[in-house]
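The values are calculated or read from the model by the stated rules, or taken from the named source; none is laboratory data. Everything quoted here is computed from the prediction, not taken from an experiment. Cβ placement follows ideal geometry from the backbone for every residue including glycine, while neighbour counts extend to all protein chains displayed.
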Amino acid sequence: MEKLPLRLEDYLETIYFLVKEKGFARVTDIANLRNVKKSTITEALKQLALKGYINYKPYSTVTLTEKGKEYAKNIIKKHQILKNFYKKVLFEENKEEELCNLEHFLSKETLKKIEALTKFF
């Protein structure tokens with residue numbers, strides 16, 4: 001699966017949580033949660049739709065494709081692994097912004113090692 005730019009990953013993750021909560025996402029909801037303009041979200045949604053991650057048509061709701069769900073779940077799993085590592089190994093909590101940044105840059109191999117290391121604590 002191709003690696004998406006950071007901002008598209010963030011939007012995909014936001015869409016995932018909105019869809020999980022409400023069954024769909026709207027441009028306004030995504031823009032409000034990400035604190036960006038609706039036009040910025042619209043452009044990002046067009047890109048995500050072209051790449052096959054979401055179902056989107058202008059002035060309609062947004063849902064995830066299977067490909068989009070899989071990608072979003074992968075991002076969330078990375079976040080959970082890092083959160084667990086921070087809590088158990090580093091004794092750090094409330095580092096959400098830092099975790100959100102790290103989750104996009106660590107390789108699968110590094111995350112597997114972090115997850116394995118965390119099991120010892």
Restricting attention to the stretch 77-108, report how many residues are within 20 Å of E2 (Cβ to Cβ) and loosely packed, with under 14 Cβ neighbours inside 10 Å.
-> 4
Collect the residues in the stretch 111-121 that are surrounded by 13 or more Cβ atoms within 10 Å (Cβ to Cβ) and either assigned to a loop (DSSP other than H, G, I, E, B) or among the polar types (S, T, N, Q) (or both), keeping them in residue-number order.
-> T118
So which of T14, T40 ends up being modelled with pLDDT of 95 or more and buried (at least 16 other Cβ atoms within 10 Å of the Cβ)?
-> T14
E96 being in contact with a His (Cβ under 7 Å, 6 or more places away or on another chain) and not assigned by TED's automatic domain parsing to the domain that holds L12 | no
Which residues, counting only those in the stretch 27-54, are free of Cβ contacts under 8 Å to residues at least 40 places away in the same chain, part of a loop (DSSP other than H, G, I, E, B) and within 17 Å of the chain's Cα centre (by Cα)?
-> N35, V36, G52
So R26 fits all but one of (1) over 17 Å from I75 (Cα atoms); (2) surrounded by fewer than 15 Cβ atoms within 10 Å (Cβ to Cβ); (3) charged (D, E, K, R); what number is the exception?
-> (2)
Picking from K38, K22, K57, which residue would you name as being over 30 Å from E109 (Cα atoms), touching a helix residue (DSSP H, G or I) at 6+ places or on another chain (Cβ under 6 Å) and outside the structural domain of C100 (by TED's automatic domain parsing)?
-> K38
Please work out which one of (1) free of Cβ contacts under 8 Å to residues at least 60 places away in the same chain; (2) exposed (fewer than 13 other Cβ atoms within 10 Å of the Cβ) is the condition M1 fails and give its number.
-> (1)
